[in-house]
Amino acid sequence: MKNYPVKKNQELEVDILDLSHEGNGIAKVDGYLLFIENTLPNERALVKVLKVGNKFGFAKVMKLLQASPNRQELPNEALLRTGIAPLSHLSYDKQLAFKQQQVENVLAKIAKLPEIKVNAPIGMEKPFGYRNKTQIPVQKIHGKLTTGFYRKNSHTLVPIEDFYIQDPNIDQAIIKVRDILQRFNVKAYNEEAHEGFLRHIVVRRGHHSGEMMVVLVTRKPKFFKGEEIAEVIHEEIPEVVSVIQNINEEKTNVIMGEFERVLYGKSSIDDQLLGKTFQISAKSFYQVNTAQTEVLYQTAFEMAQLSENDVVVDAYAGIGTIGISLADRVKEVLGMEVIPEAVNDAKANAKRNGVENVHYFIGKAEKIMPQWLREGIQPTVVFVDPPRKGLDASFIETTAAVKPERIVYISCNPATLARDLALFEEEGYVTKEVQPVDLFPQTTHIECVGLLTRVER
């Protein structure tokens, strides 16, 4: 059996040397790494070892002996324990510095492109209460419906009512909806036994419109008094214009099921982004921080140096937010998306905003773009805004073969961004700069915009 310099349940004093990419403090005991929640560099703490692994272990703070000048008062320790706001104990200016460092590190280590300029992140004036969407699990605790969030790496519910980073109107709505469901004796889902009824409460709110949608995720389709409950929700929260039942019968961690029905009002809500109106349905992708998304898109459009002669491809179009927002600056926008419902939303959104130079197609860019090229369509700018896994190598090859002058890469994951920028470099595209924009204050996540230009070989 291997001997480690620390043992489980051992208490010891340690100095915090650094922060991990997940926001945990890092200490070393005879070269052995300990990750410790709620600690910051240059702090000293009495800690208790919780877990000992081969390469590293985890510990918790028993007593903080020396605090960092960069520490800010923690609104609620549960925000750290659940991973909702893992940087909420660090002052905001230092959060931004930490995120810039993270982006610089992955560009140097993964992409092997240390020369790429990473600008200082664009932060928020009020870096809290920004999330326009939430998905909250429901459990029965002490005989009552309880809402909160799971403790990290577990499915133990930590009761929370003030989520700090969410729109406070959403926080209040969750409490009211939960209490209405309690009055109607709706049973909470039991994950282990795969029994019960109500799995999650999902709430979306239009940042500018104030319209609210409540989605009740249930284990079974039959919802006793479902319409009556939906009516009461609207009566007690008049901003709610849409109540949807989503049915998820599977034993799974995936929140939403495939089927849904409207219990009250509309099937979508409206919100505005850069002066355009968008309809958002229950499963639509819509950035969770509306105010910063406007900053992000403006930044991306300026970096793209758009002109009235540009033909733009919006390769991960979603409901059309990027393409429709920039349409009045360019000649034409061609959008594509693999999800048919999103394409329908995008077409409806274009029509609604009176935008006629935007066209949407269902399918993958790898298939569609070569077809356009054969038809004589030559895009000058390509926008990509992929999910966390980044771009497929085949997409990068296809895009490079089309030879746009500029590529604007919007990324929510610096690691996959770095990997993809290196692949684009191999295809003859050089990254001019990367501009981080903080869409997720109090968390370790950061959004980035990268501008790539083609080098003639």
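The values are calculated or read from the model by the stated rules, or taken from the named source; none is laboratory data. Remember, predicted model here, so these are calculated numbers, not experimental data. Neighbour counts are summed over all protein chains in view; Cβ atoms, including those assigned to glycine, are modelled from backbone coordinates with ideal geometry.
What is the residue count in the stretch 288-298 for residues that are of a type outside the set (A, V, I, L, M) and either surrounded by fewer than 20 Cβ atoms within 10 Å (Cβ to Cβ) or at pLDDT below 95 (or both)?
The total comes to 2.
Of the residues that sit in the stretch 325-363 and are without any contact (Cβ under 8 Å) to a residue 12 or more places away in the chain and in a helix (DSSP H, G or I), which one is surrounded by the most Cβ atoms within 10 Å (Cβ to Cβ)?
Asn344
Kindly provide the set of residues from the stretch 300-324 that are polar (S, T, N, Q) and surrounded by 20 or more Cβ atoms within 10 Å (Cβ to Cβ), ordered by number.
Of everything in the stretch 300-324, just one residue is polar (S, T, N, Q) and surrounded by 20 or more Cβ atoms within 10 Å (Cβ to Cβ), namely Thr321.
Looking only at the stretch 222-265, filter to residues that are of a type in the set (Asp, Glu) and assigned to a loop (DSSP other than H, G, I, E, B); which one of those is surrounded by the most Cβ atoms within 10 Å (Cβ to Cβ)? Steps first, answer last, please.
We begin by selecting, within the stretch 222-265, every residue of a type in the set (Asp, Glu); these are 227-228, 231, 235-236, 239, 249-250, 258, 260.
Now restrict to residues that are assigned to a loop (DSSP other than H, G, I, E, B): 239, 249-250, 258.
Numbers: Glu239: 15, Glu249: 13, Glu250: 11, Glu258: 10.
Going through the qualifying residues, I end up with Glu239.
Within the stretch 392-425, how many residues turn out to be of a type outside the set (A, V, I, L, M, F, W, C), more than 25 Å from Ser88 (Cβ to Cβ) and modelled with pLDDT of 95 or more?
So the count comes out to 8.
Among the residues of the stretch 160-173, is there at least one that is surrounded by fewer than 15 Cβ atoms within 10 Å (Cβ to Cβ), of a type in the set (Asp, Glu), outside any loop (DSSP other than H, G, I, E, B) and outside the structural domain of Glu22 (by TED's automatic domain parsing)?
Within the stretch 160-173, none of the residues are surrounded by fewer than 15 Cβ atoms within 10 Å (Cβ to Cβ), of a type in the set (Asp, Glu), outside any loop (DSSP other than H, G, I, E, B) and outside the structural domain of Glu22 (by TED's automatic domain parsing).
Six or more apart or on different chains, Cβ atoms under 7 Å: show the pairs whose first residue is in the stretch 230-250 and touching a residue at least 60 places away in the same chain (Cβ under 8 Å) and whose second is among the β-branched types (Val, Ile, Thr).
Qualifying pairs under 7 Å: Glu236/Ile180; Val240/Val214; Val240/Ile233.
Could you please find all residues in the stretch 384-401 being crowded, with 18+ Cβ neighbours inside 10 Å and of a type outside the set (Ser, Thr, Tyr)?
Val384, Asp385, Pro386, Gly390, Leu391, Phe395, Ile396, Ala400
Can you find, within the stretch 266-309, the residue that is nearest to the chain's Cα centre (by Cα) among those that are assigned to a loop (DSSP other than H, G, I, E, B), in the same structural domain as Val358 (by TED's automatic domain parsing) and among the charged types (D, E, K, R)?
Here the answer is Lys283.
Based on what the data block shows, is Val408 without any contact (Cβ under 8 Å) to a residue 40 or more places away in the chain and assigned to a strand (DSSP E or B)?
no
Is at least one residue of the stretch 77-92 farther than 30 Å from Thr134 by Cα and either touching a Leu at 6+ places or on another chain (Cβ under 7 Å) or touching a residue at least 40 places away in the same chain (Cβ under 8 Å) (or both)?
No, that holds for no residue.
Just name the residue that is farthest from Leu79 (Cα to Cα) out of those in the stretch 37-52 that are in contact (Cβ under 8 Å) with a residue 40 or more places away in the chain and hydrophobic (A, V, I, L, M, F, W, C).
Out of the qualifying residues, it is Val52.
Can you find a residue that is among the small types (Gly, Ala, Ser) and touching a residue at least 24 places away in the same chain (Cβ under 8 Å) anywhere in the stretch 371-386?
No, that holds for no residue.
For the stretch 8-69, give me every one of the strands (runs of 3 or more DSSP E) that falls completely inside it and has 1 or more residues that are of a type in the set (Ser, Thr, Tyr) and surrounded by fewer than 19 Cβ atoms within 10 Å (Cβ to Cβ).
So the answer is 32-36.
In the stretch 98-110, which residues are under 13 Å from Asp18 (Cα atoms) and either free of Cβ contacts under 8 Å to residues at least 40 places away in the same chain or not in a helix (DSSP H, G or I) (or both)?
Answer for the stretch 98-110, where residues must be under 13 Å from Asp18 (Cα atoms) and either free of Cβ contacts under 8 Å to residues at least 40 places away in the same chain or not in a helix (DSSP H, G or I) (or both): just Gln101.
Residues in the stretch 140-158 that are free of Cβ contacts under 8 Å to residues at least 60 places away in the same chain and either over 19 Å from Phe223 (Cβ atoms) or surrounded by fewer than 21 Cβ atoms within 10 Å (Cβ to Cβ) (or both): how many?
Matching residues across the stretch 140-158 total 11.
Looking at the stretch 102-117, which of the residues that are of a type outside the set (S, T, N, Q) and in contact with a Pro (Cβ under 7 Å, 6 or more places away or on another chain) is surrounded by the fewest Cβ atoms within 10 Å (Cβ to Cβ)?
So the residue we want is Ala108.
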